[in-house]
1. Looking at segment 107-125 only, could you name the residues that are within 16 Å of the chain's Cα centre (by Cα) and closer than 12 Å to Phe216 by Cβ?
2. Which of (1) touching a Pro at 6+ places or on another chain (Cβ under 8 Å); (2) in a strand (DSSP E or B) does Val45 not meet, given it meets every other one?
3. Lys133 fails exactly one of the following numbered conditions: (1) surrounded by 19 or more Cβ atoms within 10 Å (Cβ to Cβ); (2) modelled with pLDDT of 95 or more; (3) of a type in the set (D, E, K, R). What is the number of that condition?
4. Mind checking whether some residue in segment 11-34 is closer than 16 Å to Ala158 by Cβ, modelled with pLDDT under 90 and not polar (S, T, N, Q)?
5. Run Tyr275 past the list (1) assigned to a loop (DSSP other than H, G, I, E, B); (2) modelled with pLDDT of 95 or more; (3) closer than 15 Å to Leu231 by Cβ and report the number of the one that doesn't hold.
6. Which of the residues that make up segment 369-388 are farther than 19 Å from Asp296 by Cβ and touching a Phe, Trp or Tyr at 6+ places or on another chain (Cβ under 9 Å)?
7. Just to be sure I understand, how many residues within segment 265-281 are surrounded by fewer than 16 Cβ atoms within 10 Å (Cβ to Cβ) and in contact with a strand residue (DSSP E or B) (Cβ under 7 Å, 6 or more places away or on another chain)?
8. At pLDDT 95 or above, surrounded by fewer than 20 Cβ atoms within 10 Å (Cβ to Cβ) and not polar (S, T, N, Q) - does that describe any residue in segment 121-129?
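The values are calculated or read from the model by the stated rules, or taken from the named source; none is laboratory data. These numbers were taken from a predicted model, which means no experiment stands behind them. Every residue, glycine among them, receives a Cβ derived from its backbone with ideal geometry; neighbour counts consider all protein chains shown.
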Amino acid sequence: MRIRSFSALLTSTIALLFTFNSCVKDSCTRRYVYWEPVYRTKDEVRANIKNNPVREIERPGKIYIRGNYIFLNEIDRGIHIIDNSNRTAPKQIAFIDIPGNLDMAVKGNILYADFYTDLVAIDITDPQQIMVKKFTENIFPERHWGNGFSPNPTMTIADWVRKDTIVTAYCGGNGGLFGGLKSADVLFMSNPSGLATSGSSAASSPFGTGGSMARFTIVNDYLYAVSDYNLNVVSISNGANPTLSNKVNIGWGIETLYPFNNRLFIGSTTGMFIYDISTPTVPVKLGSFSHARSCDPVIADNTNAFVTLRSGTPCRGFTEQLDVLDITNINNPTLIKTYQMTNPHGLAKDGNTLIICDGRDGLKFYNAADVRNLVLQKQVTGLDTYDVIAINGWALVVAKDGLYQYDYSSVSNVNLLSKLSVKN
């Protein structure tokens, strides 16, 4: 069943445009792109959360690794399962359809993922024959927009279909009704949450590893998941039966979280917060650092936190920089130094090597032995980078055009191991 709610809206918009253009001269034809939701019942959508055939990567988001497998989020659609036992030839083996999915984390053989407002626990003992174990409902109530414009609240957006349309618009002055949108600009967006994983682990660890853009992370028997303004604490001591233990309000504009030494470093559009989780179900705020409004992933080590600030539609800021903070006094983080960047996104640190995804400026490798004097050792250009996981000389990078893997065991000679391309 498909409800063409956007079609009706588009028809009205086009009618308005033609009415507008009947009164003006210098009109021109332009092509616009919008995304139309496909609605199905919640039961139908849940039944389809299973191993489905491999599909092309179109809109890559978060990354997560566990052993020899990579889990790559397809924004709002689900998770690609990739066999990475050979890093020079990764192989897509399945796709899990999870509408509304943006985040994931793994402990043992259970993968946890968001499904709009709900949390789903999936047994991945056999990644090619996964089994849904439980839906924990309403963990993320702020994502209720998932029911979209459906007149029936029992319906859920199951997918998005790209649509193209031709309209006639006024071309004079400042660009007409849409202020100068050019060919193929997006008229309606399918992803209000935007693009939206921390740490390192050995292959034998029961825990997986995500990147710095994570909103999910696992520490021992608890899954921590941030929403726009809450820190959700979910007990996973019984892995297949996740249970909400606590919900802590931490402000607004929350974006990412990163675990280190029984602490959570939380990035928001206005600053960084540090919470103690020595008592796992009762996170306690220790300190914070405020900055100008900007997108803000963060990572940390024993003495420093590294925060990238960037402009972008979800954040509406104008700052493009890396802030290095002193966290030796955990209750009062202080700024050590700011480094100017192009459009920094995710980052990772492996020993003294700091890796920054600097958007269209590619991937940057710094010697961070002296945080007051970061030295750029290598820059890989030609890709627009989003997030990175770095472990023992191996980097897994999400970029706009694909999933890259690099060997940086010699930083002066970074080698591309493989690339899974994004569909044009």
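1. If the condition is that a residue be within 16 Å of the chain's Cα centre (by Cα) and closer than 12 Å to Phe216 by Cβ, then Tyr112, Ala113, Asp114 are the ones that fit.
2. (2)
3. Only one criterion is unmet by Lys133, namely (1).
4. Scanning segment 11-34 turns up no residue that is closer than 16 Å to Ala158 by Cβ, modelled with pLDDT under 90 and not polar (S, T, N, Q).
5. The single condition Tyr275 does not satisfy is (1).
6. Looking only at segment 369-388, we keep the residues that are farther than 19 Å from Asp296 by Cβ, and these are 369-370, 372-373, 375-384.
Once the filter is applied, which keeps residues that are farther than 19 Å from Asp296 by Cβ and touching a Phe, Trp or Tyr at 6+ places or on another chain (Cβ under 9 Å), segment 369-388 yields Val375, Leu376, Gln377, Lys378, Gln379, Val380, Leu383.
7. Here is the first cut: in segment 265-281, the ones surrounded by fewer than 16 Cβ atoms within 10 Å (Cβ to Cβ) are 278-279, 281.
This time we only want the ones that are in contact with a strand residue (DSSP E or B) (Cβ under 7 Å, 6 or more places away or on another chain), so: 281.
Of the residues in segment 265-281, 1 are surrounded by fewer than 16 Cβ atoms within 10 Å (Cβ to Cβ) and in contact with a strand residue (DSSP E or B) (Cβ under 7 Å, 6 or more places away or on another chain).
8. Looking for residues that are at pLDDT 95 or above, surrounded by fewer than 20 Cβ atoms within 10 Å (Cβ to Cβ) and not polar (S, T, N, Q), one finds at least one in segment 121-129, hence yes.
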